[in-house]
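*Asks:* One structure follows; several queries about it will come next.
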Amino acid sequence: MAFTNNIMIVRHKLLADLVRLWSKDQLIEKIDRLPIELSPRKSKPMGRCCVHKERAVWRYKMFPLMGLDMTDETDEATLLSEYAQKVLKRTEPEKENIMCVIDEACSSCVQINYEITNLCRGCVARSCYMNCPKDAIRFKQNGQAKIDHDTCISCGICHKSCPYHAIVYIPVPCEEACPVKAISKDANGVEKIDESKCIYCGKCLNACPFGAIFEISQTFDILQRIRKGDEVVAIVAPSILGQFKTSIDQVYGAFKQIGFTDIIEVAEGAMATTSNEAHELLEKLEEGQSFMTTSCCPSYIELVEKHVPEMKPYVSSTGSPMYYAARIAKEKHPNATIVFVGPCVAKRKEVRRDEAVDFILTFEEVGSILSGFGIELEQTQPFSILHTSVREAHGFAQAGGVMGAVKAYLKEEADKINAVQISDINKKNIGLLRAAAKSGKASGQFIEVMACEGGCITGPCTHNDITAGRRQLMQELLKRKESYETMDR
């Protein structure tokens, strides 16, 4: 795995260690010693006051990896082994929330947003002082300005007024990353996620420099069902092609080695999405609707539901590729547990709305499971998917993929349709979507909306790094010969 920061290493290693213990039937027996093994007595953890603090952080980071959160601790004296026992005995996941913040880890971010540096020249103009609406600027003996943070409201006017750029803006990384202001500090200075606002884009997950934000994992719920001998089927997102540096058949062979009964490519479902979306687009345009947006990004659906409800009439009613793939899986395996595997946090929300899908695994979690099981991809027995999906269906993994698939499917009819893409749900693009919804006018008749800048291949829970993942995906797509361009519809 190409880690881009140490947070990813920590998350991967911790889950891999838990899976390793589980695979040896030692999770309950040895989990209590794991924080000590990870941070031995003589170790000097960087960024923590002491080894005991570091061990506490290790302990609490195990909670979401086992499908729990901080609210599950009612007594600090309760051993990790007791929580592990509870996890392995439960029949269904119990958490309503999809994400959580580890308060022990979330303790080092700035409490203030603006600070005056020693670049301040103590100038006579005193623009910062003159423009402050709350009289929060004070002066030192040498004339340098300082901010009274008890009075300051973090409006940023002083920052804009200083001719020397001596006043700096200090963002809180997770708050800065969130496009919908769904995360903020509580009275204790700990970040809290408001899931009534959250669109589960996952931007905060990797923005937090302390690794304090986690998804509530379902890894052990899935592994327990495999251990019990249940029929468990993985439906795997198209972006799998850019995740692991080996042949896709060997990757699927590794899924079989983990214990999955069968593997079905979500690209097969993407073909149903493409045809249905294409026909719906033509119908809407014939009815006089000015534009239609895609519907397969669950973060975008959450954005519309919670923040841009006026966009609802313009969103396609076509199901996502996961929706159709799950029904293909259910038809083939009526009694199976269906597990969606992909790079997305928001799919955890979509899964809850879809009765045909039971659980979700992210690519990041799959990488940890493979490490925990000691599975070497290059040595696995290849497993081939019998159904061959068109190249464009696998192309759903990248920005422009849905738009490209629909246009390829429509062939000549696509020439009269102006299609545009919005890849990256940020404040600017939310503004554009809101304006289009209110006016009923857009720059294109067909708009593909993706929460992640490069599409699913750059999702928050990928295994490969973004650049390598994109490159590998493009190489894999070139190998796919089946295409709408050569097919009759």
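*Asks:* Give me the residue from the range 275-296 that is out of contact with any Asp or Glu (no Cβ under 7 Å at 6 or more places or on another chain) and of a type in the set (S, T, Y) and, out of that set, nearest to Y484 (Cα to Cα).
*Replies:* In this case the residue turns out to be S275.
*Asks:* Could you check, for the range 211-233, whether at least one of its residues is in the same structural domain as A16 (by the TED database) and touching a Ser or Thr at 6+ places or on another chain (Cβ under 7 Å)?
*Replies:* Taking every residue of the range 211-233 in turn, none turns out to be in the same structural domain as A16 (by the TED database) and touching a Ser or Thr at 6+ places or on another chain (Cβ under 7 Å).
*Asks:* Continuing with this model, one more query. Please state which of the following conditions A84 fails to meet, knowing it meets all the rest: (1) assigned to a helix (DSSP H, G or I); (2) among the small types (G, A, S); (3) assigned by the TED database to the domain that holds Y164.
*Replies:* Checking A84 against (1) assigned to a helix (DSSP H, G or I); (2) among the small types (G, A, S); (3) assigned by the TED database to the domain that holds Y164, the one that fails is (3).
*Asks:* In the range 349-371, how many residues are open to solvent by 10 Å² or more (accessible area, probe 1.4 Å), touching a Ser or Thr at 6+ places or on another chain (Cβ under 9 Å) and not acidic (D, E)?
*Replies:* Total satisfying the criteria: 1.
*Asks:* Among E231, E215, E195, E176, which is more than 23 Å from the chain's Cα centre (by Cα) and touching a residue at least 24 places away in the same chain (Cβ under 8 Å)?
*Replies:* The match here is E231.
*Asks:* Separate question: So T78 clears everything in (1) assigned to a loop (DSSP other than H, G, I, E, B); (2) in the same structural domain as I28 (by the TED database); (3) open to solvent by 80 Å² or more (accessible area, probe 1.4 Å) except one condition, right? Which one?
*Replies:* (3)
Conditions tested, residue by residue: (1) outside any helix (DSSP H, G or I); (2) touching a helix residue (DSSP H, G or I) at 6+ places or on another chain (Cβ under 9 Å); (3) more than 17 Å from D103 (Cβ to Cβ); (4) outside the structural domain of E365 (by the TED database).
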site: L21; (1), (2), (3), (4): no, yes, yes, yes
site: P45; (1), (2), (3), (4): yes, yes, yes, yes
site: F63; (1), (2), (3), (4): no, yes, no, yes
site: L68; (1), (2), (3), (4): yes, yes, no, yes
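*Asks:* Quick one: what pairs do we get from the range 370-398, first residue without any contact (Cβ under 8 Å) to a residue 12 or more places away in the chain and under 26 Å from T219 (Cβ atoms), second open to solvent by less than 10 Å² (accessible area, probe 1.4 Å) and among the aliphatic types (A, V, I, L, M), C-beta under 9 Å, 6+ apart or different chains?
*Replies:* Pairs that qualify, where the first residue is without any contact (Cβ under 8 Å) to a residue 12 or more places away in the chain and under 26 Å from T219 (Cβ atoms) and the partner is open to solvent by less than 10 Å² (accessible area, probe 1.4 Å) and among the aliphatic types (A, V, I, L, M), are E376/A254.
*Asks:* What's the total number of residues in the range 137-152 that are in contact (Cβ under 8 Å) with a residue 24 or more places away in the chain, part of a strand (DSSP E or B) and open to solvent by 40 Å² or more (accessible area, probe 1.4 Å)?
*Replies:* Residues flagged as in contact (Cβ under 8 Å) with a residue 24 or more places away in the chain, part of a strand (DSSP E or B) and open to solvent by 40 Å² or more (accessible area, probe 1.4 Å) within the range 137-152 amount to 1.
*Asks:* Can you pull out the residues in the range 364-392 that are assigned to a helix (DSSP H, G or I), under 19 Å from D262 (Cβ atoms) and either among the aromatic types (F, W, Y) or in contact with a Pro (Cβ under 9 Å, 6 or more places away or on another chain) (or both)?
*Replies:* The one that is assigned to a helix (DSSP H, G or I), under 19 Å from D262 (Cβ atoms) and either among the aromatic types (F, W, Y) or in contact with a Pro (Cβ under 9 Å, 6 or more places away or on another chain) (or both): F373.
*Asks:* Could you identify the single residue in S443, S439, S384 that is surrounded by fewer than 17 Cβ atoms within 10 Å (Cβ to Cβ), hydroxyl-bearing (S, T, Y) and in contact with a strand residue (DSSP E or B) (Cβ under 7 Å, 6 or more places away or on another chain)?
*Replies:* One residue alone meets the criteria, S443.
*Asks:* Regarding D465, is this residue open to solvent by 10 Å² or more (accessible area, probe 1.4 Å), at positive phi and among the charged types (D, E, K, R)?
*Replies:* When the stated conditions are applied, D465 does not pass them.
*Asks:* Within the range 34-55, does at least one residue satisfy the condition of being among the small types (G, A, S), surrounded by 12 or more Cβ atoms within 10 Å (Cβ to Cβ) and closer than 23 Å to L370 by Cα?
*Replies:* no
*Asks:* Now a separate question. Of all residues in the range 192-231, how many are out of contact with any Gly (no Cβ under 7 Å at 6 or more places or on another chain), on the phi < 0 side of the Ramachandran plot and either open to solvent by less than 10 Å² (accessible area, probe 1.4 Å) or not in a helix (DSSP H, G or I) (or both)?
*Replies:* Result for the range 192-231: 23.
*Asks:* Going by the conditions given, is L303 surrounded by 24 or more Cβ atoms within 10 Å (Cβ to Cβ) and either free of Cβ contacts under 8 Å to residues at least 40 places away in the same chain or among the hydrophobic types (A, V, I, L, M, F, W, C) (or both)?
*Replies:* For L303, the condition - surrounded by 24 or more Cβ atoms within 10 Å (Cβ to Cβ) and either free of Cβ contacts under 8 Å to residues at least 40 places away in the same chain or among the hydrophobic types (A, V, I, L, M, F, W, C) (or both) - is met.
*Asks:* Which residues, counting only those in the range 148-167, are of a type in the set (V, I, T) and at pLDDT 95 or above?
*Replies:* Those that are of a type in the set (V, I, T) and at pLDDT 95 or above: I157, I167.
Conditions tested, residue by residue: (1) closer than 15 Å to M311 by Cβ; (2) not in a helix (DSSP H, G or I).
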{"residue": "V402", "(1), (2)": "no, no"}
{"residue": "Y409", "(1), (2)": "no, no"}
{"residue": "Q421", "(1), (2)": "no, yes"}
{"residue": "I425", "(1), (2)": "yes, yes"}
{"residue": "I457", "(1), (2)": "no, no"}
{"residue": "C461", "(1), (2)": "no, yes"}
{"residue": "E485", "(1), (2)": "no, no"}
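*Asks:* Also: Can you tell me which of (1) out of contact with any Leu (no Cβ under 8 Å at 6 or more places or on another chain); (2) in the same structural domain as E54 (by the TED database); (3) closer than 17 Å to K349 by Cβ; (4) surrounded by 15 or more Cβ atoms within 10 Å (Cβ to Cβ) is the one P179 doesn't meet?
*Replies:* With (1) out of contact with any Leu (no Cβ under 8 Å at 6 or more places or on another chain); (2) in the same structural domain as E54 (by the TED database); (3) closer than 17 Å to K349 by Cβ; (4) surrounded by 15 or more Cβ atoms within 10 Å (Cβ to Cβ) applied to P179, the lone miss is (2).
*Asks:* Something else: Counting only residues that are more than 16 Å from the chain's Cα centre (by Cα) and not in a helix (DSSP H, G or I), how many does the range 463-483 have?
*Replies:* Count: 4.
*Asks:* Does I235 satisfy the condition of being part of a loop (DSSP other than H, G, I, E, B), aliphatic (A, V, I, L, M) and buried (at least 24 other Cβ atoms within 10 Å of the Cβ)?
*Replies:* So I235 does not fit the description; no.
The values are calculated or read from the model by the stated rules, or taken from the named source; none is laboratory data. Note that the structure is a prediction, hence the values are computed from the model and not measured. No Cβ is skipped: glycine too gets one built from the backbone with ideal geometry, and neighbour counts run over all protein chains shown. These accessible areas exclude ligands, DNA and RNA; they are computed on the full protein's heavy atoms, side chains included. Shrake-Rupley method; radii C 1.70, N 1.55, O 1.52, S 1.80 Å.
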